[in-house]
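The block underneath contains the structure these notes are about, expressed in structure tokens.
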Amino acid sequence: MNTSLDFLPDRWALLVLPHGDHADLLAAAARLAGRGPVTILDGGNRCNAYVLARAAGGRPELLGRISLSRAFTCYQMAALLENTPAGPAPVLVLDFLATFYDEAVSAFERRRLLAGCLVDLRRLSREAGVAVGVCPPKVASPENGALLAALHAAADGVWSPPPALPAAEAWRLF
């Protein structure tokens, strides 16, 4: 992934990533911290502090500019977004839908919370750009697909990596 993400005001980008592959977003956060404060909201416990520290070159002044908050339920993610103040700091959301894939919460409730989150993502993007990373659900279901489709429709841009090439087959000589 090209991690020179453009964080443009009044825009938010959706990044559909393979499972657990948020290292490039963490590298982007470290680079952005060179310019000022950065906010990371982690929905899938994807913020690896070691990867972030390496990306920041171990510079404590960069790491000190990064604010990290974690959500473990879709209710907590909705509250994090609602309570994050809009400002000039770019916002990176890691594995946003991970908490919304919890089928212990009714489909209606997950859709309702997602609608509020979309309003907050737009609000947060007014002054600074927002990048939202998502991973496809581990268990495919129409409801989980609908959540991802709603994000696709609301985002100002969508990026996903090209599909992996199939493994090369060994040539059979005989």
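Odds and ends about this structure:
- Where ALA170 falls short, out of the listed (1) farther than 28 Å from ALA30 by Cβ; (2) among the small types (Gly, Ala, Ser); (3) modelled with pLDDT of 95 or more: (3)
- Top-ranked residue of the range 48-81 - restricted to ones that are of a type in the set (D, E, K, R) and in contact (Cβ under 8 Å) with a residue 12 or more places away in the chain, ranked as surrounded by the fewest Cβ atoms within 10 Å (Cβ to Cβ): ARG70
- The set of residues from the range 85-107 being under 15 Å from the mean Cα position of the chain (by Cα) and either small (Gly, Ala, Ser) or more than 23 Å from VAL16 (Cα to Cα) (or both) comprises just one member, ALA98.
- Reported count of residues in the range 108-161, each being acidic (Asp, Glu), under 15 Å from the mean Cα position of the chain (by Cα) and not in a helix (DSSP H, G or I), is 1.
- Within the range 23-47, being part of a loop (DSSP other than H, G, I, E, B) and surrounded by 16 or more Cβ atoms within 10 Å (Cβ to Cβ) holds for GLY43, GLY44, ARG46, CYS47.
- Filtered residues of the range 48-64 (kept if part of a loop (DSSP other than H, G, I, E, B) and closer than 25 Å to VAL134 by Cβ): ASN48, ALA56
- Test: residue in the range 110-129 that is farther than 19 Å from TRP12 by Cα, crowded, with 17+ Cβ neighbours inside 10 Å and at pLDDT 95 or above: yes
The values are calculated or read from the model by the stated rules, or taken from the named source; none is laboratory data. Keep in mind it's a predicted model, so treat the numbers as computed, not measured. Positions of Cβ are generated from backbone atoms using ideal geometry, with glycine treated the same way; all protein chains shown enter the neighbour counts.
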